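Student: Dumping the structure here so I can ask a few things about it.
The values are calculated or read from the model by the stated rules, or taken from the named source; none is laboratory data. Predicted model only: the values in this text are computed from it and were never measured. FYI the Cβ positions are ideal-geometry reconstructions off the backbone, even for glycines, and counts take in every protein chain you see.
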């Protein structure tokens, strides 16, 4: 089971690494060659490490005070909406990159994947089978760009590749809800640092994976 877990982790890391390298290459081309700083410039920009730490701490406090109430409450609303499985799914992604994640609701995890926190978790952690399932779902449901509902036109369908290469077809209904591969959203535009999280009333997955998680027919 440990090998299976490492296999799915390596798939996600490989997908993310490819996107990061591509993104970094584009940025380097945009910036062009960088000129080295002169000694005088380096002396002028030197700052005592302790003073710099104090200044950064002050900036963090000020930035937090200036955040609107809606942004401060995003974290609280997100934790209340995603449930345990959604939270664990989001924790698989690196926090320093921007993603859009279509997270199944807790009810969708139980209804579509037969996952329940009582049976699929060991304490607060996933067992190996649950981890493998969550890794696959993350590959289908996350894409390496921010996409808020306001950026989706009502009269047009958008398509993007997920981090696993699965194509996501995204549209918006009149009431503002998003539909992704025929799965409708329950909540939209929640935030987790630089990423956008949409809570879905179902699990986004391909036909092969859907078949593998269906209950076996009894004779």
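Student: Find the residue count for region 146-158, including only residues that are over 26 Å from residue 106 (Cβ atoms) and either in a strand (DSSP E or B) or within 11 Å of the chain's Cα centre (by Cα) (or both).
Tutor: 1
Student: Next question. Out of all the residues in region 166-178, which are within 16 Å of residue 101 (Cβ to Cβ) and part of a loop (DSSP other than H, G, I, E, B)?
Tutor: Within region 166-178, 166 is the sole residue that qualifies.
Student: Let me ask something else about it. Going by the structure shown, is residue 197 assigned to a helix (DSSP H, G or I), crowded, with 20+ Cβ neighbours inside 10 Å and in contact with a helix residue (DSSP H, G or I) (Cβ under 7 Å, 6 or more places away or on another chain)? I'd like the intermediate steps shown before the answer.
Tutor: Numbers: assigned to a helix (DSSP H, G or I): no; crowded, with 20+ Cβ neighbours inside 10 Å: yes; in contact with a helix residue (DSSP H, G or I) (Cβ under 7 Å, 6 or more places away or on another chain): yes.
Considered against the rule, which asks whether it is assigned to a helix (DSSP H, G or I), crowded, with 20+ Cβ neighbours inside 10 Å and in contact with a helix residue (DSSP H, G or I) (Cβ under 7 Å, 6 or more places away or on another chain), residue 197 comes out as no.
Student: Name the single residue that is modelled with the lowest pLDDT among those in region 71-87 being more than 11 Å from the chain's Cα centre (by Cα) and buried (at least 19 other Cβ atoms within 10 Å of the Cβ). I'd like the intermediate steps shown before the answer.
Tutor: Going residue by residue through region 71-87, those that are more than 11 Å from the chain's Cα centre (by Cα) are 71-85.
Next cut, buried (at least 19 other Cβ atoms within 10 Å of the Cβ) only: 78, 82-83, 85.
Details: 78: 62, 82: 76, 83: 82, 85: 87.
Result: 78.
Student: Quick check on my filter: what residues within region 191-208 are under 10 Å from the mean Cα position of the chain (by Cα) and within 13 Å of residue 143 (Cβ to Cβ)?
Tutor: Matches in region 191-208: 195, 196, 197, 198.
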